[in-house]
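The values are calculated or read from the model by the stated rules, or taken from the named source; none is laboratory data. Fair warning: this is a prediction, and the values are worked out from it, not measured in the lab. A quick note on method: Cβ atoms are made from the backbone with ideal geometry, for glycine too, and the neighbour counts reach across all protein chains shown.
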Amino acid sequence: MEALQQVASVRSCSIGAAAVVDCAASSNFQPLARASLGRKSVACQGVSTSASLSSFTFNSLASKVPAVESGKKGCRGVVTMRADTAAGGYASALAELAQGGNILDAIYRDVEILGDMLKNKEVFEFLSSPIVVEEKKKSILKTFADDAKFHDYTLNFLYILIDKKRFGLINDICKEFSGIYYELTETQLATVISAVKIEKAQLALIAKKIQSLSNAKNVRIKNEIDPTLIAGFKVKFGKDGSRSVDLSVKGQLDKISAQFEYAEKAGAY
């Protein structure tokens, strides 16, 4: 991407992006089902949005930042729960505006892409560096946002973080925003760890099973690769991955090995 190339030219470093296969499924295996948000309703339509941009002003987002900086909770409902930290406060402000503009899914999509970009240490350090001038940072963010087709809300939010020298919080903000999104849309996040890439049709079947186990309206699946598993896969879901199912060959071999060790200690031989 052009934006990443600009960072590379400034920092004289090579940049690569780690890719994670992502698949979302509801009971009908659509990206996301319609979720009730109090008096509002968000129809999730993947990456597309029909929301008007004319109602958005930079000040409408910036006006919420003083409350975040001073520790005041200016957000309502579920969002208020996230305002106990600076990152949570910023995420709450963005989520409230996205919810009000009926573009929560579009902003979540942007946050996911942004999170993947910032996994590159060089990019993150460049954008959060106090030495690099703000206009240069904004120029690179604008190029990246245009390339990734970010919503105006997202780009203006990033500009605010640059202006307030708070971009160093961006990874935590992305994490907090995702948490808010999952709560608002009643989405269960699950990670499938496998030795090789799993096809989307298989991921959809796994998502359906997790949906049954968790009683969630929606399930979002991420497939991560771990060659040490040999074959099969592991699934982690629940709060912070607290629930897991190990169907990998390595997992089975570990269980067999543990049984042999127990037998030896018990003097079975």
*asked:* Can you pull out every residue in segment 183-211 that is among the β-branched types (Val, Ile, Thr), surrounded by fewer than 19 Cβ atoms within 10 Å (Cβ to Cβ) and in a helix (DSSP H, G or I)?
replied: none
_Here's a check for you: in segment 90-138, which residue that is farther than 13 Å from residue 161 by Cβ and among the β-branched types (Val, Ile, Thr) is surrounded by the fewest Cβ atoms within 10 Å (Cβ to Cβ)?_
131
*Looking at residue 180, is it crowded, with 16+ Cβ neighbours inside 10 Å, at pLDDT 85 or above, aliphatic (A, V, I, L, M) and out of contact with any helix residue (DSSP H, G or I) (no Cβ under 6 Å at 6 or more places or on another chain)?*
no
*Subset of segment 223-255 (residues that are at pLDDT 80 or above and basic (Lys, Arg))*: 234, 236
*Cβ-Cβ under 8 Å pairs, at least 6 apart or on other chains, segment 100-120 side basic (Lys, Arg), far side not in a helix (DSSP H, G or I)*: 109/46; 109/47; 119/17; 119/18
_Verdict on residue 190 being touching a helix residue (DSSP H, G or I) at 6+ places or on another chain (Cβ under 8 Å), among the hydrophobic types (A, V, I, L, M, F, W, C) and under 30 Å from residue 228 (Cα atoms)_ = yes
*Is it the case that segment 233-241 has a residue that's closer than 25 Å to residue 113 by Cα and in contact with a Gly (Cβ under 8 Å, 6 or more places away or on another chain)?*
yes
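Yes/no matrix, rows are residues, columns are (1) surrounded by 14 or more Cβ atoms within 10 Å (Cβ to Cβ); (2) without any contact (Cβ under 8 Å) to a residue 12 or more places away in the chain; (3) within 20 Å of the chain's Cα centre (by Cα):
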| site | (1), (2), (3) |
| --- | --- |
| 218 | yes, no, yes |
| 228 | no, no, no |
| 235 | yes, no, yes |
| 238 | yes, no, yes |
| 246 | yes, no, no |
